[in-house]
1. If we sort 18-30, 58-70, 100-112 on the protection proxy, mean other Cβ atoms within 10 Å, highest first, what's the order?
2. Starting from the eigenvalues of the Cα gyration tensor, five times each then square-rooted, give me the equivalent ellipsoid semi-axes of region 1-69, largest first, whole Å.
3. Which angle between 0 and 90 degrees, to the nearest 10, do you get for helix 26-38 versus the longest principal axis of the chain when only C-alpha atoms count?
4. Quick one: plug the Kirkwood hydrodynamic radius of the chain (C-alpha pairs) into Stokes-Einstein at 4 °C, 1.567 mPa s, and report D in µm²/s.
5. Just to confirm the number: angle between the C-alpha axis of helix 13-22 and the first principal axis of the chain, 0 to 90 degrees, nearest 10?
6. Quickly estimate the mean residue ellipticity at 222 nm for the chain, helices only: each DSSP H run with n ≥ 4 gives -39500 (n - 2.57), and the total goes over all residues, rounded to 500.
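Here, each number is a calculation from the coordinates, and none is a lab measurement. Here the structure is a predicted model, which means the values were calculated and not measured. Reconstructed Cβ throughout: ideal geometry from the backbone, glycine too, with neighbour counts over all protein chains shown.
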């Protein structure tokens with residue numbers, strides 16, 4: 001999900017943010033508003049309309065806000081039965097080949113780390 005957000009052109013971030021928060025429940029909206037508050041950009045309200053209007057004012061933090069909102073939406077999709085394969089089919093077409101290869105290398109590294117064991 002984070003790789004997908006990194007690939008979105010700046011002028012499209014707000015549209016994707018609005019889509020990401022559209023289906024969020026009140027708990028997720030509250031957590032997102034609390035994150036907004038941590039940036040000290042004003043007193044946020046756990047309300048979709050407010051969060052969308054506040055989005056441009058986040059400046060360099062806009063991508064992080066979208067990553068959080070998309071993550072909540074991804075969690076809800078997973079709980080609703082969307083498989084990892086379906087999620088990848090949705091996100092991978094939006095990624096550049098370079099970014100896709102970086103993610104594949106990271107996945108192999110994590111797989112090996114898990115299978116070979118670690119001190120953690």
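1. 58-70, 18-30, 100-112
2. One finds semi-axes of 18, 13, 10 Å for region 1-69.
3. The angle comes out near 80 degrees.
4. Translational diffusion coefficient: 82 µm²/s.
5. 90
6. Helix contribution divided over all residues of the chain: -21000 deg cm²/dmol.
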